[in-house]
Amino acid sequence: MAKLVVIGSMNMDIVNQVERHPHPGETIHGRQTIYSPGGKGANQAVAAARAGAAVAIIGAVGDDPFQTALLEALHSVGISTDSVLTKAGSSGLAFITVSADGENSIILSEGANGKLTPHDVDQQLLTLSDTQGVLFQNEIPWETTIHAIHESKRMGCRVYLNPAPARDIPDELLSYIDVLILNEYEAGFLSGVRVSDEPSALEAADSLISRGSKEILVTMGAAGSIYKNQQGVVQRAEAFSVQAVDTTAAGDTFIGTYAASQESGLNVADSLRRASAAAALTVTREGAQGSIPTAAEVDQFLSSRASII
């Protein structure tokens, strides 16, 4: 069983369902409001666990009523939360608006996520010495992420980074990251290339590889995903066609599933295929963590579809 540590955020998602997104200054009526555990770190951890990895998470929750629900959601899928710290104040919150066509917009309030320090991570990594891979996002303090990436490499771990929300990454740090997983916007932000299709995604990947990146994976929604590494190997995966209900956590599902598949020993092509299938299933369901499929569900989905690689 692959051993994966996620160092990242945990949020309570407050989801408002609407017919359409409001215009600036406009007030509209919502259809319903749902409270659902989320956060990129937690979502990716759940996806990896449901894909079959043994997962531990390092992060922080507040000393508020949301902490119990956030931790219980992780426990329910077998994720170790022994390295989750409690900080004074609010847990992380995400205010999500989902339209009838499944598109979402998100406002983050970092809460306890913003209080996770490099020292906190050091103390918790010491207890996770058998880790194979470490997965990061950009929803905890950047100085904590930089420090933890260096420590993870010092421990001999394979490092995955999903730089969301997007921010500049120094070339020196890129060389410490084994797999950089980005969507079109993030790839464009970091490379300076406007990504809209496969050729531009490959151009962005080449730019980042020239700066020291080892492996680049660009996800492009309905246009699928594309991978390229320093050796020039390219792999593509088309997206599966499904009826979208809610795109929340689709990207996180793809990333967590991909990392778990890679750490279990699958090749890139098969990892991409499983990640694409998991993400497709996620968008057919409402919510964040509750929409993420199990490995058995992904197997069943793939067996019912022609292989698309």
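The values are calculated or read from the model by the stated rules, or taken from the named source; none is laboratory data. As the structure is a prediction and not an experimental result, all values here were calculated from the model. Ideal geometry is used to build each Cβ from the backbone, glycine not excepted, and the neighbour counts take in all protein chains shown.
Summary of values
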{"item": "Residues of region 5-35 satisfying the condition of being without any contact (Cβ under 8 Å) to a residue 24 or more places away in the chain and among the aliphatic types (A, V, I, L, M)", "result": "Ile28"}
{"item": "Residues located in region 247-258, provided they are crowded, with 23+ Cβ neighbours inside 10 Å and in a loop (DSSP other than H, G, I, E, B)", "result": "Thr248, Ala249"}
{"item": "Residue ID - surrounded by the most Cβ atoms within 10 Å (Cβ to Cβ), chosen from residues in region 203-219 that are more than 16 Å from the chain's Cα centre (by Cα) and not in a helix (DSSP H, G or I)", "result": "Ser213"}
{"item": "Residues being more than 18 Å from Gly52 (Cβ to Cβ), among the aliphatic types (A, V, I, L, M) and assigned to a loop (DSSP other than H, G, I, E, B) - total across region 274-308", "result": "3"}
{"item": "Residues of region 90-111 satisfying the condition of being touching a strand residue (DSSP E or B) at 6+ places or on another chain (Cβ under 6 Å) and farther than 16 Å from Ala69 by Cα", "result": "Phe95, Ile96, Thr97, Val98, Asn104, Ser105, Ile106, Ile107, Leu108, Ser109, Glu110"}
{"item": "Test for Arg305: is it in contact with a helix residue (DSSP H, G or I) (Cβ under 6 Å, 6 or more places away or on another chain), more than 18 Å from Val179 (Cα to Cα) and in contact (Cβ under 8 Å) with a residue 40 or more places away in the chain", "result": "no"}
{"item": "Residue match in region 148-168 (condition: under 29 Å from Ala53 (Cα atoms), β-branched (Val, Ile, Thr) and either buried (at least 19 other Cβ atoms within 10 Å of the Cβ) or more than 16 Å from the chain's Cα centre (by Cα) (or both))", "result": "yes"}
{"item": "Close pairs (6 angstrom Cβ cut-off, 6 or more residues apart or separate chains): outside any strand (DSSP E or B) in region 165-190, at pLDDT 95 or above and among the aromatic types (Phe, Trp, Tyr) anywhere", "result": "Ala166/Phe189"}
{"item": "Inter-residue pairs, beta-carbon under 9 Å, first free of Cβ contacts under 8 Å to residues at least 60 places away in the same chain and assigned to a helix (DSSP H, G or I) and in region 116-131, second among the hydrophobic types (A, V, I, L, M, F, W, C) and surrounded by 20 or more Cβ atoms within 10 Å (Cβ to Cβ), 6+ apart", "result": "Pro118/Ala148; Asp122/Ala148"}
{"item": "In region 15-45, residue farthest from Ser152 (Cα to Cα) [restricted to those that are buried (at least 18 other Cβ atoms within 10 Å of the Cβ), of a type in the set (A, V, I, L, M) and in contact with a Ser or Thr (Cβ under 8 Å, 6 or more places away or on another chain)]", "result": "Val15"}
{"item": "Matching option when the condition is of a type outside the set (Val, Ile, Thr), over 18 Å from Ile255 (Cα atoms), surrounded by fewer than 19 Cβ atoms within 10 Å (Cβ to Cβ) and at pLDDT 90 or above, among Gly102, Gly78", "result": "Gly78"}
{"item": "Residue pairs meeting the criteria (Cβ under 9 Å; at least 6 apart or on separate chains; first farther than 19 Å from Leu302 by Cα, in region 36-54; second of a type in the set (Asp, Glu) and assigned to a loop (DSSP other than H, G, I, E, B))", "result": "Ser36/Glu286; Gly39/Glu139; Lys40/Glu139; Gly41/Glu139"}
